[in-house]
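Q: Dumping the structure here so I can ask a few things about it.
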There are 2 protein chains.
Amino acid sequence: MSATQASTDRSTAAGKVLQILSTFDREHQSQTLSEIAQRTGLALSTAHRVVQELAGWGALERADDGSWHVGLRLWEIASGCPRTQILRDVALPFMQDLYEATHENIQLAVREGTELVFVERIAGHRSVELLTMVGSRFPIGATGMGRVLLAHAPLDIQEAVLDAPLRAWTAHTLTDPKALRAQLDRIRREQLIVSDRQLSESTVAVAAPVRIGRTGPVSAALGIVIAARSASRARGLREPLLRAASGISDELGRRTRTTA
Amino acid sequence: MSATQASTDRSTAAGKVLQILSTFDREHQSQTLSEIAQRTGLALSTAHRVVQELAGWGALERADDGSWHVGLRLWEIASGCPRTQILRDVALPFMQDLYEATHENIQLAVREGTELVFVERIAGHRSVELLTMVGSRFPIGATGMGRVLLAHAPLDIQEAVLDAPLRAWTAHTLTDPKALRAQLDRIRREQLIVSDRQLSESTVAVAAPVRIGRTGPVSAALGIVIAARSASRARGLREPLLRAASGISDELGRRTRTTA
DNA sequence: GCGGCACTTCCGCCTGACGGAAACCGTGCT
DNA sequence: AGCACGGTTTCCGTCAGGCGGAAGTGCCGC
């Protein structure tokens, strides 16, 4: 009976729903029933039944070509996720202003575990091509924004990241734990980081922490990403970035105080 | 069989997951286990088990005070919802420009059934207080943006809305089906609507359809919402709104062509 | 027509979900 | 301290609902 499912053991009913939903990741936003069955390891008939049920609820929708994708209803529910919603509501106007002042890519991200998740982004037509999009994940050590979050993360997280080998995304990526540790110290001192071509050869980022209230815990990172060829502009972005970040922090503090 | 499952039949396993997720609506973004059990009608122990499982997966998260809310993982998956994602990706830069030109509330919405769902919004610090937020639903007949979508919806939807009694949200809301029908005609002719205090006494909206390609099906509505007291400005917003809407339409057409 | 593919439906076996009940907290009141 | 209470967690016997193999359907393309 179901002998060899060592690590793939997801036999609970709720688990099946989650398994199926999880297949709809960045690379597979739209897939056929058989793909779903394949990727989850479920029997076709089982996948079919669950998918039908999810569809009946609006959690999945079917495209004209017969493939499935995440439905509007699920998006609605999920868009109420407080981690992102409060943050977005509060941050957007500030990001707005920042964009208007700089016309560069403005990004907002939170930490989950040892990864960075992008929550919101403002970009004009003619901005740099970015690897990142809303909802995508990156290892926390690889980007300026990630390092900001890492610098303020619980110690066990920091150690975990520093102990693991650091991947070199570009020729400039810091891979020496010592150097990274020093950089984290500096972030804590200066509340800011200028990150030069760490994730991609063509981009430079400036990033700062967003807190809950002026001195509260760090809940997100705000960053500006510019083309590496105009790296000289980075210096001028520090001031507006810090202003925006502390504006968001203050507003977050105000809201959570009254809410709680 | 399965004869009389009128409304109370929610006995499937996947159903329980969905029932629970559905409780996390606009008004209940954060709730305790007992609330969930109550609102779903599930036994406490059952709710507990399922919630635990969802939490194990990151679909739900627990706040410091012990209450539950939607988790980041679910948000990530759902943020891949094509209906909203493609739209947002394409539309944001244009909404951006539009905001910069007008400094008013810029909103983007899609239709689902006979309802309007807000997908994205750009708003400055000092903008009008709005009833709407990203992810919220409204009856499609009540707003300018909704009527734009209604005007281009399948006929059965149109009839369904026109046949049902129209709620008067304000003293100015159109409630006569004849008048509404005329307005829909006009929207189709002019590709634009100025909607005067239909949903709230304090706001006026200008809205236009967003298509897939220049002549494709209408997939969303783009709108600008301003304070009713500055209604005179509405006229000047028509041009930029139409420009932005057709910009988005063109870009959408381009992308879906290459993707498909 | 025929084989192949992707999806849908059927149905009997059996497992994993169900929920009542009881234990386990933390908190506030006396 | 003792107690009562609301919310949460664990346990476990019963049994209904999920499971998936297999057969049926519909749709190409050869």
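The values are calculated or read from the model by the stated rules, or taken from the named source; none is laboratory data. Predicted model only: the values in this text are computed from it and were never measured. As a convention, Cβ positions derive from the backbone with ideal geometry for all residues, glycine included, and neighbour counts pool all protein chains shown.
Q: Among the residues of the range A:53-64, are any over 24 Å from residue B:119 (Cβ atoms) and either aliphatic (A, V, I, L, M) or more than 10 Å from DNA strand D (Cβ to nearest atom) (or both)?
A: No: the range A:53-64 contains no residue that is over 24 Å from residue B:119 (Cβ atoms) and either aliphatic (A, V, I, L, M) or more than 10 Å from DNA strand D (Cβ to nearest atom) (or both).
Q: Residue B:66 passes all but one of (1) surrounded by fewer than 21 Cβ atoms within 10 Å (Cβ to Cβ); (2) away from every other protein chain (no Cβ under 11 Å); (3) part of a helix (DSSP H, G or I); which number fails?
A: Going through the list (1) surrounded by fewer than 21 Cβ atoms within 10 Å (Cβ to Cβ); (2) away from every other protein chain (no Cβ under 11 Å); (3) part of a helix (DSSP H, G or I), residue B:66 breaks only (3).
Q: If you scan the range A:30-44, which residues turn out to be in contact (Cβ under 8 Å) with a residue 24 or more places away in the chain, in a loop (DSSP other than H, G, I, E, B) and within 12 Å of DNA strand D (Cβ to nearest atom)?
A: Result: A:41, A:42.
Q: Follow-up. Within the range B:69-84, is even one residue under 21 Å from the mean Cα position of the chain (by Cα) and of a type in the set (Lys, Arg)?
A: The answer is yes, given that some residue of the range B:69-84 is under 21 Å from the mean Cα position of the chain (by Cα) and of a type in the set (Lys, Arg).
Q: Based on this model, can you work out whether residue A:26 counts as away from DNA strand C (no atom under 16 Å from the Cβ) and at pLDDT below 90?
A: yes
Q: If a residue must be within 8 Å of another protein chain (Cβ to nearest Cβ), under 25 Å from residue A:100 (Cβ atoms) and touching a residue at least 12 places away in the same chain (Cβ under 8 Å), how many such residues does the range B:83-93 contain?
A: Here the count works out to 3.
Q: Would you mind finding the one in A:167, A:229, A:197 that is more than 20 Å from the chain's Cα centre (by Cα) and among the charged types (D, E, K, R)?
A: Only one candidate passes the filter, namely A:229.
Q: With the condition kept exactly as written, say whether any residue in the range B:75-82 is surrounded by fewer than 20 Cβ atoms within 10 Å (Cβ to Cβ), within 12 Å of DNA strand D (Cβ to nearest atom) and within 12 Å of chain A (Cβ to nearest Cβ).
A: No, every residue in the range B:75-82 fails to be surrounded by fewer than 20 Cβ atoms within 10 Å (Cβ to Cβ), within 12 Å of DNA strand D (Cβ to nearest atom) and within 12 Å of chain A (Cβ to nearest Cβ).
Q: Does the range A:114-147 hold any residues that are in a loop (DSSP other than H, G, I, E, B) and within 26 Å of residue B:124 (Cβ to Cβ), and which are they?
A: A:123, A:124, A:125, A:126, A:127, A:128, A:130, A:132, A:133, A:134, A:135
Q: Would you please list the contacts, defined by Cβ atoms under 9 Å and residues six or more apart or on different chains, that run from a residue in the range B:174-187 that is assigned by TED's automatic domain parsing to the domain that holds residue B:198 to a residue that is among the hydroxyl-bearing types (Ser, Thr, Tyr)?
A: Cβ pairs passing all conditions: B:183/B:195.
Q: Here is a further query. Taking only the range A:75-90 into account, find how many residues are among the hydrophobic types (A, V, I, L, M, F, W, C) and closer than 18 Å to residue A:136 by Cβ.
A: The qualifying residues number 4.
Q: Cβ contacts < 8 Å: first residue under 16 Å from residue A:92 (Cα atoms), restricted to the range A:246-260; second residue at pLDDT below 95 and among the basic types (Lys, Arg), any location; separation 6+ or different chain. Result?
A: A:246/A:214; A:249/A:214; A:250/A:214; A:253/A:214
Q: Being charged (D, E, K, R), within 7 Å of chain B (Cβ to nearest Cβ), in a strand (DSSP E or B) and without any contact (Cβ under 8 Å) to a residue 40 or more places away in the chain, is that true of even one residue in the range A:103-113?
A: Yes: one or more hits.
Q: Against the condition of a type outside the set (Asp, Glu) and either over 18 Å from residue B:16 (Cα atoms) or outside the structural domain of residue A:67 (by TED's automatic domain parsing) (or both), how does residue A:32 come out, does it pass?
A: Against the criterion (of a type outside the set (Asp, Glu) and either over 18 Å from residue B:16 (Cα atoms) or outside the structural domain of residue A:67 (by TED's automatic domain parsing) (or both)), residue A:32 qualifies.
Q: Here is a further query. Looking at the range B:45-63, which of the residues that are more than 7 Å from every other protein chain (Cβ to nearest Cβ) and in a loop (DSSP other than H, G, I, E, B) is surrounded by the most Cβ atoms within 10 Å (Cβ to Cβ)?
A: Across the range B:45-63, the extreme among qualifying residues is B:58.
Q: For residue A:167, indicate whether it is in a loop (DSSP other than H, G, I, E, B), in contact (Cβ under 8 Å) with a residue 12 or more places away in the chain and among the basic types (Lys, Arg).
A: For residue A:167, the condition - in a loop (DSSP other than H, G, I, E, B), in contact (Cβ under 8 Å) with a residue 12 or more places away in the chain and among the basic types (Lys, Arg) - is met.
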